[in-house]
Each structure stands twice: as structure tokens, then as C-alpha cells.
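Let me begin by presenting the structure, written as C-alpha cells, before commenting on it.
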Amino acid sequence: MTLSGISLPKHAVQPYHLWLNDAGGHVWYVFVKAYTGQVMSDRQWENSWVDSIYSLQYKLLAGDTGEWIMPLFAYTFDQHFT
């Protein structure tokens, strides 16, 4: 797997959020405990509800603007409700 992105926690008790790409081209969203490095949870992006919302909105907003706005919305929404 290769690291494609990382989000640092806003508070010390929150996990790191990592985006990893596997050999099959799938994207994984991984939560890592900041103090221990323990993987708390992982999920395949293509099978997540955030990806479903992104895909629906992308199809509705189609185009470059929709493609740019929706990842920001999905990330923000995921940060507040997961």
C-alpha cells in the first residue's frame, strides 16, 4: 500500500486519518490512534457511505466544479459525523 494522504488530528485524543492506495487501485481510509499508532478502524472508500454521497452528488453536479466541491463536502461531513 502507498500513502496518498494524511489528516492530522485537531485534538490530541483524535486519531490520524490516512488514505492508502492498494495494488488493486482501491482507496482505503484508515484511522490510527495518535499515541500508540494502533489502527483503530479501516474501510474501503468505494464501499463507504461517504463515497456513495460523493458519487451521487458528482453525477448531479457533473463537471469540474462538482468534482472539486464534493470531496470537500464529503470530508467535512465525515469529520463531523463519524
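The values are calculated or read from the model by the stated rules, or taken from the named source; none is laboratory data. This is a predicted model, so every value here is computed, not measured. Note: accessible area is taken over every heavy atom of the protein model, side chains too, but ligands, DNA and RNA are not part of it. Shrake-Rupley method; radii C 1.70, N 1.55, O 1.52, S 1.80 Å.
Tabulated data for the structure shown
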read-out: Matching residues, the range 1-13, being assigned to a loop (DSSP other than H, G, I, E, B) and either open to solvent by 50 Å² or more (accessible area, probe 1.4 Å) or within 15 Å of Arg43 (Cα to Cα) (or both); value: Met1, Leu8, Lys10, His11, Ala12, Val13
read-out: Residue selected from the range 14-34 under the condition of a type in the set (A, V, I, L, M) and part of a loop (DSSP other than H, G, I, E, B), by the criterion most open to solvent (accessible area, probe 1.4 Å); value: Ala23
